[in-house]
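Heads up: the structure comes next, in structure tokens.
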Amino acid sequence: MAADKRKKTGEGKDPLPRHIAIILDGNGRWAKKRGLPRTAGHAVGAETFRRIATACKNRGIEYLTVYAFSTENWKRPEDEVGTIMKLLGRYLHEAIETMERDHIRMKVFGDLEALSPELRALVEKTDEISKGYEGFQANICLNYGGRDEILRAARRYAIDYAAGRADELSEEGFSAYLDSAGIPDPDLLIRPGGEQRLSNFLLWQCAYAEFYYTDTLWPDFDEAELDRAIAAFQSRDRRYGRVKSF
Ligand code: IPE
Ligand code: IPE
Ligand code: MG
């Protein structure tokens, strides 16, 4: 299915990224510019995610992973964290309807222990629904930190190794303990909002991702911006340590 859509995007063109990762940044500044509370920016940002996820699916992208709430974001004012959590709950509810309608797979990355029982129940439901589908997959990073993910994976590996259930450690073997187990690494990492940093996002998986930064704030991010990022990706020469091939 994805391969057919890929073909439609133009014979002979550079390949599309299979996996796009996006740091959803700039919601607060978007709201501030309009004299609105920061939380208004988060509400519009959630809508932008819905539109961009559909746009990725329509373009034949196989995986979209978005950074929605980091392990560091708990340091924000309590009312902002509370509103974000409420929005995420509402969002997951709606996402379940969309998944069932459009047969979309969805996975949540992050340490789910710290989330409310309501949110955890919604996450379990998305896992359950996803089992029945194939094709486009959206991953949402919630209470996610790249270092935290690596530590959680290392702890699980150590337990398995001690019990004789795991082989000597290899890059591939370790990847299977990460939240992203079984999912190819992101090819393209997009950060809207003007900052040029990773902020603890997918540290292991982005080893060879192509980075694309834009000043556009996430709530203003549209399909044209997505296409610019994809075009920039297609113009890159991915050498993986080798020399350029002519
Ligand atoms: C991203 O937007 C959303 C989260 C990190 C939860 P921000 O809230 O970081 O927006 P800015 O960067 O302050 O504009
Ligand atoms: C990164 O954005 C985290 C998410 C988008 C979830 P932040 O706004 O938290 O990042 P910093 O603070 O600018 O590094
Ligand atoms: Mg920010």
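The values are calculated or read from the model by the stated rules, or taken from the named source; none is laboratory data. Since the structure is predicted, the reported quantities are computational estimates derived from the model, not experimental observations. In this analysis, Cβ positions are derived from the backbone assuming ideal geometry, glycine residues included, and neighbour counts consider all displayed protein chains. Heavy atoms of the whole protein, side chains included, go into the accessibility calculation; ligands, DNA and RNA do not. Shrake-Rupley method; radii C 1.70, N 1.55, O 1.52, S 1.80 Å.
Compare the Cα positions of G182, T39, T65 along the charge dipole of region 16-234 (+1 at Cβ of Lys, Arg; -1 at Cβ of Asp, Glu; about the Cα centre) and return the one farthest towards the positive end.
Going by the Cα projections, it comes out as T39.
Calculate the spin-label point distance for K32 paired with E168, positioning each point 7 Å from the Cα along the beta-carbon direction, and give it in nanometres.
About 5.2 nm, to one decimal.
A 21 angstrom limit on the alpha carbon distance is what I want to check against. Which of K86/K131; K57/K244; K75/K125; K57/K131 exceed it?
Result: K86/K131; K57/K244; K75/K125 exceed 21 Å.
In Å², and per residue, what accessible area does region 16-234 have when probed at 1.4 Å with the other protein chains present? Write out the running numbers ahead of the final one.
Working: 10610 Å² over 219 residues.
Accessible area per residue: 48 Å².
Taking only Cα atoms and a 10 Å spring cutoff, compute GNM fluctuations for the chain and point out the largest among P192, P17, P117.
Looking only at P192, P17, P117, the biggest GNM fluctuation is shown by P117.
Using a 10 angstrom cutoff on alpha carbons, build the Gaussian network for the chain and name the most mobile of E97, E134, E171.
Of E97, E134, E171, the Gaussian network model singles out E171 as fluctuating most.
From the alpha carbon gyration tensor of the chain, can you work out the equivalent ellipsoid semi-axes (sqrt of 5 times each eigenvalue) and give them in Å, largest to smallest?
26, 25, 19
Comparing I96, I159, I84, which has the greatest mean-square fluctuation in the GNM of the chain with Cα pairs linked when under 10 Å apart?
Among I96, I159, I84, the largest mean-square fluctuation in the Gaussian network model of the chain belongs to I159.
With +1 assigned to the C-beta of every Lys and Arg and -1 to the C-beta of every Asp and Glu, and no other charges, what is the dipole magnitude of region 16-234 about the Cα centre in debye, to the nearest 20?
That gives region 16-234 a dipole magnitude of about 600 debye.
Would you mind calculating the relative contact order of the chain from Cα pairs under 8 angstrom and at least 6 residues apart, reporting the percent as a whole number?
Relative contact order for the chain comes out at 27 percent.
Taking the Cα centre of region 114-241 as origin, sum charge times position over the Cβ atoms of Lys and Arg (+1) and Asp and Glu (-1), and report the length of that vector in debye to the nearest 20.
Dipole size: approximately 400 debye.
What's the FRET efficiency of R76 with R242 using the Cβ-Cβ distance as r and R₀ = 30 Å, to the nearest 0.05?
Efficiency computed from Cβ-Cβ geometry: 0.10.
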